[in-house]
Amino acid sequence: MTKSEQLFARAVKVLPGGVNSPVRAFRAVGGNPRFVVKGKGSHIWDEDGAEYIDYVGSWGPMVLGHSHPDILRAVQERMVNGLSFGAPTALEVEMAEKMVEMVPNIEMVRMVNSGTEAVMSAVRLARGATGRDKLIKFEGCYHGHSDAMLVGAGSGALTQGEPDSKGVTRGAAQDTLMAQYNDLGSVERLLEANPDQVAAVIVEPVAANMGVVPPQEGFLQGLRGLCDKHGALLIFDEVITGFRLAPGGAQEYFGVRADLVTFGKIIGGGMPVGAYAGTRALMEQVAPCGPVYQAGTLSGNPVAMAAGLAQLEILSAHPEVYGKMQASAAFIADHLRESAAKHGAAMQVNQIGSLLCPYFTEAPVDCFAAAKKSDTKKYAKYFNEMLSRGVYLAPSQFEAMFVSSAHTQDDLDRTVQAAGESIAALV
């Protein structure tokens with residue numbers, strides 16, 4: 001029995017499913033999870049000493065790779081002075097100033113502790129600012145695990161939300177309305193059916209929790225127009241895309257203005273952190289300036305701020321890393337398509353910036369319904385073939401591959417060779 005297997009056997013006795021986040025359990029792909037002991041650059045090592053080229057990157061924040069020396073140095077220098085105070089520090093001011101400098105259309109920031117908390121707080125602010133209760137989200141877009149976000153589609157596009165998890169009451173979900181990603185008509189129908197009731201439309205600018213589904217031409221611009229027409233706020237959930245698509249995130253990349261933006265772990269360089277941001281007029285409605293209450297003992301934690309600020313300083317000073325990551329992701333995507341065509345495998349590969357995802361399906365994937373047609377059993381086989389060849393992918397079809405600036409050409413060459421062999425093994 002390997003060390004990872006031994007640890008998992010212990011873990012299932014004291015952790016639900018043996019993990020602290022469901023996808024880590026490998027249930028979608030079979031087998032036992034690898035327990036990671038170290039990460040350096042684009043590689044990770046498990047407890048048994050096996051080395052992998054990593055395309056999970058802690059689900060996105062390791063945009064510069066693992067254990068970047070400048071980030072580690074910032075953390076080490078900060079932590080010797082204390083881990084948390086529950087009081088203001090200079091670092092959180094510097095961090096907010098840096099975010100305002102980099103991200104278009106934001107003037108103030110409130111630090112929190114996770115992407116889930118950021119979304120929960122931004123939605124509360126939107127409701128408080130507009131005096132409206134309802135929220136429109138998109139099927140297949142994930143915005144954390146707060147009750148109002150754990151909603152699946154009802155019997156039609158105009159139905160109210162139904163809870164998508166046990167323990168979520170209908171009361172918590174009833175004001176969440178479901179639309180279809182890349183379908184402006186579904187949004188317009190909901191807004192017209194609920195006049196003067198929708199506080200906000202929340203969207204992942206790139207839907208990165210159904211794999212990777214980019215917005216179609218005009219979709220985000222159309223959302224901006226519909227929100228303006230109906231008096232609703234537009235919230236960009238940039239837990240994935242923030243500081244990854246571009247230095248200024250999706251607003252910069254697509255040239256579309258959001259009213260509120262939420263961020264997650266990427267602004268902590270991998271440390272637990274989140275934030276929501278917007279105009280001064282909106283953000284000053286948050287306590288203690290205004291009536292929308294939100295608080296957190298660990299918000300603006302100095303160690304997380306030190307790590308995040310170090311990462312943002314590097315990204316700000318070296319915007320060329322975005323072109324490098326985009327080229328690396330495109331290199332992998334192109335070779336995946338070539339291998340699929342060579343071996344007659346039904347595969348679609350979506351890629352934008354440093355994000356990509358292969359789907360085992362014949363039809364293009366432009367929404368959640370199309371994503372769900374992917375052959376998840378075939379993906380599970382592909383995942384395990386890749387894992388056996390030293391490439392660590394997300395243990396779920398509906399997650400992104402995250403390319404970092406640390407991935408070398410040798411990494412890419414080994415990855416596409418492994419992918420070609422893995423695809424051949426499936427047909």
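Enter the accessible area per residue of the chain (Å², integer; probe 1.4 Å; all protein chains in place).
I get 41 Å² per residue for this part.
For the range 29-165, what is Rg from Cα atoms divided by 2.2 N^0.38 Å, rounded to two decimals?
1.41
Return a whole-number percent for the relative contact order of the chain, with Cα pairs under 8 Å and 6 or more residues apart as the contact set.
Computed over the chain, the figure is 22 percent.
With θ taken as phi - 60° and the coefficients 6.51, -1.76 and 1.60, list the Karplus ³J(HN,Hα) couplings across the range 245-257 in order, rounded to whole Hz; mark glycine and proline as x.
With coefficients 6.51, -1.76 and 1.60, one gets 5, 6, x, x, x, 5, 4, 5, 4, 9, x, 10, 8 Hz.
Calculate log10 I(q)/I(0) of the range 370-427 for q = 0.14, 0.25, 0.27 Å⁻¹, where I(q) comes from the Debye formula with a single equal point scatterer on each Cα and nothing for solvent.
-0.40, -1.10, -1.19
If you scale each eigenvalue of the Cα gyration tensor by 5 and take the root, what three semi-axes come out for the range 1-45, rounded to whole angstrom and sorted largest first?
19, 13, 10
Quick one: Cα convex hull volume of the range 161-272, Å³ per residue?
Taking only Cα atoms, the range 161-272 has a hull volume of 121 Å³ per residue.
Please state the Cα pair-distance histogram of the range 306-427 with 10 angstrom bins from zero: what percent is in each bin?
Using 10 Å bins, I get a P(r) of 13, 43, 30, 12, 2 for the range 306-427.
Determine by what factor the alpha-carbon radius of gyration of the chain differs from 2.2 N^0.38 Å, reporting the quotient.
In units of the 2.2 N^0.38 Å rule of thumb, it is 0.97.
Pop out the carbon and sulfur fraction of the accessible area of the chain as a percent, whole number, probe 1.4 Å.
Reported share for carbon and sulfur atoms: 52 percent.
Compute for the range 235-291: radius of gyration divided by Kirkwood radius, i.e. Rg/Rh, restricted to C-alpha atoms, rounded to two decimals.
Here the Rg-to-Rh quotient is 1.02.
In terms of solvent-accessible area of protein heavy atoms at a 1.4 angstrom probe, what is the ranking of 204, 77, 421, highest value first?
77, 421, 204
State log₁₀ I(q)/I(0) for the range 260-369 at q = 0.10, 0.14, 0.24 Å⁻¹ as given by the Debye formula over alpha-carbon point scatterers of equal weight, solvent excluded.
Taking Cα atoms of the range 260-369 as identical point scatterers yields -0.53, -0.82, -1.23.
So what's the convex hull volume per residue for the Cα atoms of the range 1-100, in Å³?
Value for the range 1-100: 167 Å³ per residue.
For the chain, return all DSSP H helices satisfying: extent of Cα atoms along own axis at least 20 Å; mean Kyte-Doolittle hydropathy at least 0.5.
Result, helices passing both filters: 302-317.
Compute the semi-axes of the equivalent ellipsoid of the range 74-142, taking the square root of 5 times each eigenvalue of the Cα gyration tensor, and list them largest first in whole Å.
Each semi-axis is √(5λ); the values are 30, 15, 13 Å.
The values are calculated or read from the model by the stated rules, or taken from the named source; none is laboratory data. Source: prediction; values computed, not measured. Quick note on the areas: whole protein, heavy atoms, side chains included, nothing else; ligands and nucleic acids left out. Shrake-Rupley method; radii C 1.70, N 1.55, O 1.52, S 1.80 Å.
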